[in-house]
1. Against the condition in contact with a helix residue (DSSP H, G or I) (Cβ under 7 Å, 6 or more places away or on another chain), touching a residue at least 40 places away in the same chain (Cβ under 8 Å) and among the β-branched types (Val, Ile, Thr), how does Thr41 come out, does it pass?
2. Of everything in the stretch 190-228 that's out of contact with any strand residue (DSSP E or B) (no Cβ under 8 Å at 6 or more places or on another chain) and of a type in the set (Gly, Ala, Ser), which residue is farthest from Asp164 (Cα to Cα)?
3. Hey, any hits in the stretch 34-53 for a residue that's in a helix (DSSP H, G or I) and farther than 15 Å from Cys287 by Cα?
4. So which of Tyr133, Tyr153 ends up being in a helix (DSSP H, G or I) and of a type outside the set (A, V, I, L, M, F, W, C)?
5. Would you be able to tell me the number of residues in the stretch 151-164 that are crowded, with 17+ Cβ neighbours inside 10 Å and at pLDDT 95 or above?
6. Return the residue satisfying two criteria in turn: it lies in the stretch 295-316 and is among the charged types (D, E, K, R) and exposed (fewer than 11 other Cβ atoms within 10 Å of the Cβ), and of such residues it is farthest from Ile285 (Cα to Cα).
7. From the list Ala224, Ala195, Ala171, Ala186, which one is at negative phi, in contact with a helix residue (DSSP H, G or I) (Cβ under 9 Å, 6 or more places away or on another chain) and surrounded by fewer than 24 Cβ atoms within 10 Å (Cβ to Cβ)?
8. Would you confirm whether any residue within the stretch 47-54 is open to solvent by 10 Å² or more (accessible area, probe 1.4 Å) and either among the aliphatic types (A, V, I, L, M) or touching a Cys at 6+ places or on another chain (Cβ under 9 Å) (or both)?
Amino acid sequence: MSDLPKFVTIQEEGPREGFQIAKSPIATRDKVRLIEALAETGLKKIDCVSYVNPARVPGMADADDVARLIHKRPDVTYTGLWLNRQGFERALALPLDLIGSLMVSASSTFSSKNTGKSIDDTFADQLATLRLYQQHQVEVRWGIVFTAFGCNYEGEVPVQTVLDRCARMLALAAGEGVALKGLYLADTVGWANPASIEQRIGAVRERWPDLRIGLHLHDTRGTAMPNAYAALQMGVDQFDSSCGGLGGCPFAAHKGAAGNICTEDLVFMCHEMGIETGIDLERLIECAQMAEAIVGHPLPGKVMKGGSLARFRQPS
């Protein structure tokens, strides 16, 4: 247990991951209401929208309106996701925070389905995007590898492929004078298990021991929490998560592609293990219940239904 981090940073993905795949339209005011409530829980970064083609992702057709309507706290970072130059140019015109990342898929087929680009085309695009970031003084922090554990189109992704993608991103950034702070491994469609978490984190850490590692875990097959536990045992201290377990990937080739690991469930586990997050769990549970009411169907979160243990620990 000695490798457990003392503090874990959790980045909220629910408003983007969840609402981009919602089967029924979500009112703009409800999206904004949830984002503002999440900002009151102690979360310091909330991913709010995707700047994508609404013909492909209708749930994000109101992204510009959402970005403009949020009443922001000065101590919270509010971000959006873009996958191409057009998306970035939209982001430049809107009042959300700009944080750049380099992004590539481990799976070539997923890359084609998700962005319409081959791996080589993706790296050429990322180089052009990195230069745009520098032109507009946008900080670049992370290299992100999608489908780092497996892909429904190609099957299990070899560890060496993941390392090759990481190495190519780091070299691309270094060539432009940028030092990435860390590498994010994304289990985009739910292939990871605790053994593969240990294997891939171990391989990345052995190659680049000074880089921070983050995880973007999906719960498609119910392994997200065991995967997070395995990562915590290895000292991983940054995770993406989704309030109530909202979300899924529109291009996963799997109708049951679940959302990120559930935020309040992850926070509960961390707190029970003595790991701080800076997040008010009771307020977070209220947000999950709000999210469930907004989407109009049950969400998979457990703690939002069972509650925390705080009330049982109160002195009688």
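The values are calculated or read from the model by the stated rules, or taken from the named source; none is laboratory data. Owing to the predicted nature of the structure, the values given are computational and were not obtained by experimental measurement. Virtual Cβ from ideal backbone geometry, glycine too; neighbours counted across all protein chains shown. The accessibility values were calculated without ligands, DNA or RNA, using every heavy atom of the protein model including side chains. Shrake-Rupley method; radii C 1.70, N 1.55, O 1.52, S 1.80 Å.
1. Details: in contact with a helix residue (DSSP H, G or I) (Cβ under 7 Å, 6 or more places away or on another chain): yes; touching a residue at least 40 places away in the same chain (Cβ under 8 Å): yes; among the β-branched types (Val, Ile, Thr): yes.
Criteria met by Thr41.
2. Among those residues, the one meeting the criterion is Gly222.
3. Going through the stretch 34-53, the residues in a helix (DSSP H, G or I) turn out to be 34-38.
Then keep just the ones that are farther than 15 Å from Cys287 by Cα; that gives none.
For the stretch 34-53, residues in a helix (DSSP H, G or I) and farther than 15 Å from Cys287 by Cα: absent.
4. On the way: Tyr153 fails: in a helix (DSSP H, G or I).
Of the residues listed, the single one that is in a helix (DSSP H, G or I) and of a type outside the set (A, V, I, L, M, F, W, C) is Tyr133.
5. Selection size over the stretch 151-164: 4.
6. From the stretch 295-316, those among the charged types (D, E, K, R) are 302, 305, 311, 313; that's our starting set.
Those still in the list that are exposed (fewer than 11 other Cβ atoms within 10 Å of the Cβ) too: 311, 313.
Numbers: Arg311: 14, Arg313: 18 Å.
So, considering only residues that are among the charged types (D, E, K, R) and exposed (fewer than 11 other Cβ atoms within 10 Å of the Cβ), the one farthest from Ile285 (Cα to Cα) is Arg313.
7. On the way: Ala224 fails: surrounded by fewer than 24 Cβ atoms within 10 Å (Cβ to Cβ); Ala171 fails: in contact with a helix residue (DSSP H, G or I) (Cβ under 9 Å, 6 or more places away or on another chain); Ala186 fails: in contact with a helix residue (DSSP H, G or I) (Cβ under 9 Å, 6 or more places away or on another chain).
Just a single option satisfies the conditions, and that option is Ala195.
8. yes
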